[in-house]
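For reference, the structure is listed below as structure tokens.
The values are calculated or read from the model by the stated rules, or taken from the named source; none is laboratory data. If you're wondering where the values come from, they're calculated on a predicted model, not measured in any experiment. In this analysis, Cβ positions are derived from the backbone assuming ideal geometry, glycine residues included, and neighbour counts consider all displayed protein chains.
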Amino acid sequence: MRITVVGTGYVGLVTGCCFADLGNVVTCVDVNRKKVQELQKGIIPIYEPGLEEIIKRNRGQRLFFTTDLSKAVQTSDFIFIAVNTPPGKNGEVDITNVKAVAKGIAQHLNGYKIIINKSTVPIGMGDIVSQIVQKYGPSNVSFDVVSNPEFLREGSAVADLLRPERVVIGASRRSAAQKVAEIYKPLQCPIVITDLKSAEMIKYASNAFLATKISFINEISNLCDQVGADVQQVVKGMSYDSRIGGQFLNAGLGFGGSCFPKDVSGLVQIGKNNKFKFRLLPEVLEINSDQRQYFLKKVYREVGSLKGKTLAVWGLAFKPNTDDMREAPSLTIIPALTAKGAKVNVYDPVAMPRAKSMFKKVKFCKNPYEAAKNADAVLILTEWNEFIQVDFQKLKKIVRKSVIIDGRNIYDPIEIAEKGFVYLGMGRGASRIF
Ligand code: UDX
Ligand code: UDX
């Protein structure tokens, strides 16, 4: 199949490259000339496991990069819109980019095409895209607009695309949805075909539900701290109930990234625009931002005054296996520490080049041990594997005080205590079983 993907961000790039790997001829379009030139040379702007190999395999044969929307539209049958939809001032979804791309596509239409929205857009956007294409496109050319939301997690986006648990396709004409379904046929996964608005809602409802799970478990976790229970054991006990499941119940610093915060705020705003007041979701957001403060309070309580103290921060990215810093807890936590007079040494396996301009007065270190030198406490903000495998004996010799404050619960409290560290996790109460 001949496919164009507009937008080579996290979502568009992974989507385009994986479609090419499935044997389709794919053109990826972006307005960012520098990004396109680099991609043409095989330089990838983001860190995403598995992506480099796919680009290597397909570039120049089935996978092309360009800034020329006109040619890309004219030579494809399917045009995916995967540009960013950032949050506006009040949390509303900014659809300027999607509208601009829809207009651009319309102006170059030269025959029947299926235009597919992959960007996360407010419910009803499919109809708006149709109206734009109708207005700016040639009157004698027909088209369909389809919604095909993405469920790609950064860090495992390639696997999520190639082995999806489901694909959702919304359209007003079943024939158009079925044509898009053909692209996903080799993946042999359930394909849910719905009307346009339901598909758009599925995306928001899914992300808002997952975010709700995280805020729920964070509240349970904070109560665990109070009563002396261990949230990890609590989750284990809950997870065997198939009605609950065990995923997305890791307590910690709360959710970040480009999607959950934006999509939950976006859905609240979509509610407001449709005379519906969400009661649950604003709380989900508030619990989430309070979680960062809750962690800071643990630090202040354990370390005391931060003036003149040295703190090691392990992990900057909003989650492991990505260099994405959007809405990362580190962006709130580190400035709060430096404002109180702490000397902060940071280390992240991949996010440091991206993070360099985001923090003032911190020292970027080559490895976790360099960051921990003379530290009064080691703070864990991202659960990279590298930190799980750390050499505790070596660490103990380097730090000033053997204190680990773990915002991601990567260690077993008892094992760490046996190694001679004071260990504070999130919701890892004091009770033990003998
Ligand atoms: C995506 C989705 O599209 C968004 O709706 C979803 O909720 C999260 O994931 P993402 O891939 O993360 O966004 O966006 P980003 O990494 O910011 O990349 C967007 C790309 O689109 C950029 O490379 C930008 O240059 C490009 N773009 C933007 C265009 O090519 N044309 C435009 O008009 C605007
Ligand atoms: C999310 C969606 O999962 C994906 O389907 C798509 O819609 C894009 O947005 P992403 O933001 O890349 O993916 O990462 P995800 O793995 O969902 O994690 C989001 C945030 O939640 C991270 O900050 C992570 O640390 C946090 N999280 C996740 C928890 O705090 N606890 C958990 O149990 C799971």
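Go through the range 235-274 and report how many residues are free of Cβ contacts under 8 Å to residues at least 40 places away in the same chain and either closer than 24 Å to LEU379 by Cα or within 16 Å of ligand 1 (Cβ to nearest atom) (or both).
3
Restricting to the range 140-179, give me the number of residues that are more than 13 Å from ligand 2 (Cβ to nearest atom) and closer than 30 Å to GLY111 by Cα.
Adding up the residues that qualify gives 20.
Residues of the range 129-150 being in contact with a helix residue (DSSP H, G or I) (Cβ under 8 Å, 6 or more places away or on another chain), in a helix (DSSP H, G or I) and buried (at least 17 other Cβ atoms within 10 Å of the Cβ), which ones?
VAL129, ILE132, VAL133
Any chance you could count how many residues in the range 151-192 are part of a loop (DSSP other than H, G, I, E, B) and within 16 Å of ligand 1 (Cβ to nearest atom)?
Within the range 151-192, residues that are part of a loop (DSSP other than H, G, I, E, B) and within 16 Å of ligand 1 (Cβ to nearest atom) number 7.
Tell me which residues, restricted to the range 361-386, are touching a Pro at 6+ places or on another chain (Cβ under 8 Å) and surrounded by fewer than 23 Cβ atoms within 10 Å (Cβ to Cβ).
Residues satisfying the conditions are GLU383, ASN385, GLU386.
Specify which of the listed residues (SER357, SER431, SER330, SER402) is on the phi < 0 side of the Ramachandran plot and at pLDDT below 95.
Only one candidate qualifies: SER431.
Residue check: is ALA100 within 11 Å of ligand 1 (Cβ to nearest atom) and closer than 17 Å to GLY137 by Cβ?
For ALA100, the condition - within 11 Å of ligand 1 (Cβ to nearest atom) and closer than 17 Å to GLY137 by Cβ - is met.
Yes or no, residue by residue, for (1) at pLDDT 95 or above; (2) more than 14 Å from ligand 2 (Cβ to nearest atom); (3) among the basic types (Lys, Arg); (4) out of contact with any Cys (no Cβ under 6 Å at 6 or more places or on another chain):
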{"residue": "SER239", "(1), (2), (3), (4)": "yes, no, no, yes"}
{"residue": "GLN247", "(1), (2), (3), (4)": "yes, no, no, yes"}
{"residue": "GLY252", "(1), (2), (3), (4)": "yes, no, no, yes"}
{"residue": "LYS262", "(1), (2), (3), (4)": "no, no, yes, yes"}
{"residue": "LEU267", "(1), (2), (3), (4)": "yes, no, no, yes"}
{"residue": "LYS277", "(1), (2), (3), (4)": "yes, yes, yes, yes"}
{"residue": "GLU286", "(1), (2), (3), (4)": "yes, yes, no, yes"}
{"residue": "SER289", "(1), (2), (3), (4)": "yes, no, no, yes"}
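Can you confirm whether ALA417 is on the phi < 0 side of the Ramachandran plot and modelled with pLDDT of 95 or more?
Against the criterion (on the phi < 0 side of the Ramachandran plot and modelled with pLDDT of 95 or more), ALA417 does not qualify.
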